[in-house]
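S.K.: Dumping the structure here so I can ask a few things about it.
The values are calculated or read from the model by the stated rules, or taken from the named source; none is laboratory data. Just so you know, these numbers come straight off a predicted model, no measurement behind them. Backbone-built Cβ (ideal geometry, glycine too); neighbour counts: all protein chains shown. The protein model used for the area step is the full one, side chains on, heavy atoms only, and it has no ligands, DNA or RNA in it. Shrake-Rupley method; radii C 1.70, N 1.55, O 1.52, S 1.80 Å.
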Amino acid sequence: MTTPEKLAQEAAQILAHIREDTARADSLLVRLRDGGMSWGDLAALIDPDDPPARSSAQRRVESARRRLNAA
């Protein structure tokens, strides 16, 4: 049986991984854009099955840039 403490520890580990993965993804998106990748290509990378609009891709990359600059 799993105790609440074990569940909390597992949740904390998963959240830490999410933060790390998000930081890596942010860095890669910004580097790809700064390297010349088009907004359309970035949108397709963000969601290959349903690429967001160009403006959504721009907002995503600019949000990533702000998070990186704040870190």
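S.K.: Please work out which one of (1) assigned to a helix (DSSP H, G or I); (2) at pLDDT 95 or above is the condition residue 36 fails and give its number.
M.R.: (1)
S.K.: Is it the case that segment 23-43 has a residue that's among the polar types (S, T, N, Q), more than 14 Å from the chain's Cα centre (by Cα) and open to solvent by 60 Å² or more (accessible area, probe 1.4 Å)?
M.R.: Scanning segment 23-43, I find no residue that is among the polar types (S, T, N, Q), more than 14 Å from the chain's Cα centre (by Cα) and open to solvent by 60 Å² or more (accessible area, probe 1.4 Å), so the answer is no.
S.K.: Let me ask you something else. If residue 17 passes every condition in (1) under 14 Å from the mean Cα position of the chain (by Cα); (2) modelled with pLDDT under 95; (3) not hydroxyl-bearing (Ser, Thr, Tyr) but one, which one does it miss?
M.R.: (2)
S.K.: What are the pairs with Cβ atoms under 6 angstrom where one residue, in segment 1-28, is in a helix (DSSP H, G or I) and the other, located anywhere, is surrounded by 10 or more Cβ atoms within 10 Å (Cβ to Cβ)? Sequence gap at least six, or different chains.
M.R.: 26/64; 26/67; 26/68
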